[in-house]
Amino acid sequence: MSLQTPSSTLNKKCKVLLLSALCTLAMLSPKESLAFQEDDAVVDYNQYSGEVKEESSNKPLVFATLTVEGTNITTITNTEGNFLLKVPKEYTDKNVVVSFLGYKTKKVPIANLEPEKNEISLEVSVTLLSEININAPKDALVLVKETLRNRNDNYFEDPTLMTAFYRETIKRRRRNVSLAEAVVNVYKTPYSSARDDVVELYKARKSTDYSRLDTVALKLQGGPYNTLYVDMMKYPEYIFSEEALSNYKFTFDRSTRTNDRLIYVIKFDQYEGIIEPLYHGELFIDVENKILTSATFSLNITDRKKAAQLFVRKKPARVDVWPTEVSYHVDYREKDGKWYYGYSSVFMEFKVDWEDKWFNSVYSMTAEMAITDWDKNLTGKIPRYRERIKKSIILSDEASGFSDPNFWGEYNIIEPEKSIESAIKKIQRQLRREERNSD
């Protein structure tokens, strides 16, 4: 099935974001062989792993940020609160700054960390009711407009070269069936610039277990661009264009704190009567400086046929496919008074219903990208067109296989969840068996 373009002007503006996260369903191809790769780089860093959790309840804190103080080296915790941080040996006398929205920031000396099983607890930051009423804005929409209008002053104004870790997974119900990871270079243009960011692939690896995919193979098209376009401060036109803002109702919900900043939570949803599927979610705004620090939002799926037209590019004739959930998350980080894109994720769940089968299948796709280091791109140079990742990329077709643990060298990654970690170990065992059998 060819993708049909929505007719409204609003979704024509939104379609780049949506179409960058296409789901392609095609008939099963032969099982791909896994290539074994090695990295001979000299180890000149220390590696630390552990968990970040809430002090009072011991619950894991998901997407907490860990940054080596005075540097741009950073990572985040995974959905189980676990982290993996690689620190060059020259920085081991510094602190790790651990922060999470609504909690007090903590500094931990790197010298006090063990290689494994570190436990870092954060204390909830309490917001006094009296603080909320001081100079409080009266109109949520006005606050959102001011935040969008001030992006040129509050976010990076220089071309920036970012190193990022990108991961995408596909699951059939709860079982991993496809996993692809990459280290990429992101050539970020200033937030005041109309030029799009450029992505360059550095290293990638993947695995697909087609035996778990029934009779279809799901492939996610767009690769890192799926997550990059969730940066709504760089690409506000995909969600909150000037004309789109009037389609949403914005309301104050609550307040919280991060890094001693008062953060207002703004809820938004499309007005009733608007037919096109838009979004609902929460914006976390530094009310004093008019800065968006984080956002979580989802697509309103009220018409599954329209939603399918937005996402499904190709499928067998006897199959109905539609999304049941599409959600996004983006976090920003601050350095020297300026903010920048730090992490984003996309989650999509689809139902696949075969005409001649009693039961349907449920597949989910997750794509996430974390900026792990950055520096100013003083020359402003960007890769030539043929060296860039195309926006139509299917990363699982580009990557070549899983490797030994040293594959990523000194690059920081998002710690794998236990289910992914066990899948990787299974792949590595299989590779070793194949290697012995070939000998």
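Table for the structure above
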{"item": "Output for region 62-81, where each listed residue is open to solvent by 30 Å² or more (accessible area, probe 1.4 Å) and either in a strand (DSSP E or B) or of a type in the set (Gly, Ala, Ser) (or both)", "result": "Thr67, Gly70"}
{"item": "Residues of region 83-98 that turn out to be of a type outside the set (A, V, I, L, M, F, W, C), at pLDDT 95 or above and part of a strand (DSSP E or B), as a count", "result": "1"}
{"item": "Residue pairs meeting the criteria (Cβ under 8 Å; at least 6 apart or on separate chains; first within 27 Å of Lys145 (Cα to Cα) and among the aliphatic types (A, V, I, L, M), in region 291-307; second outside any helix (DSSP H, G or I) and open to solvent by 60 Å² or more (accessible area, probe 1.4 Å))", "result": "Ile301/Glu325"}
{"item": "Filter pass, Leu101 being in a strand (DSSP E or B), within 18 Å of Tyr343 (Cα to Cα) and open to solvent by less than 70 Å² (accessible area, probe 1.4 Å)", "result": "no"}
{"item": "Residue tally, condition part of a strand (DSSP E or B) and under 25 Å from Leu218 (Cβ atoms), over region 367-389", "result": "4"}
{"item": "Top-ranked residue in region 186-216 [being out of contact with any strand residue (DSSP E or B) (no Cβ under 7 Å at 6 or more places or on another chain) and either on the phi > 0 side of the Ramachandran plot or surrounded by fewer than 18 Cβ atoms within 10 Å (Cβ to Cβ) (or both); ranked as modelled with the lowest pLDDT]", "result": "Thr215"}
{"item": "Subset of region 243-262 (residues that are within 24 Å of Asn152 (Cα to Cα) and not in a strand (DSSP E or B))", "result": "Glu243, Ala244, Leu245, Ser246, Asn259, Asp260"}
{"item": "Qualifying residues in region 164-185 (those that are open to solvent by less than 30 Å² (accessible area, probe 1.4 Å) and of a type in the set (S, T, N, Q)) - the one nearest to Phe284 (Cα to Cα)", "result": "Thr169"}
{"item": "Residue within region 372-390 that is open to solvent by 80 Å² or more (accessible area, probe 1.4 Å), of a type in the set (S, T, N, Q) and modelled with pLDDT of 85 or more present", "result": "yes"}
{"item": "Segments classed as strands (runs of 3 or more DSSP E), wholly inside region 263-366, with at least 2 members that are at pLDDT 90 or above and open to solvent by less than 10 Å² (accessible area, probe 1.4 Å)", "result": "279-286, 291-299, 319-335, 338-354"}
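The values are calculated or read from the model by the stated rules, or taken from the named source; none is laboratory data. Small disclaimer: the values here were computed from a predicted structure and weren't measured. All Cβ positions, glycine included, derive from the backbone under ideal geometry; neighbour counts span all protein chains shown. When the accessible area is computed, the model is the full protein with side chains, heavy atoms only, and any ligands, DNA or RNA have been set aside. Shrake-Rupley method; radii C 1.70, N 1.55, O 1.52, S 1.80 Å.
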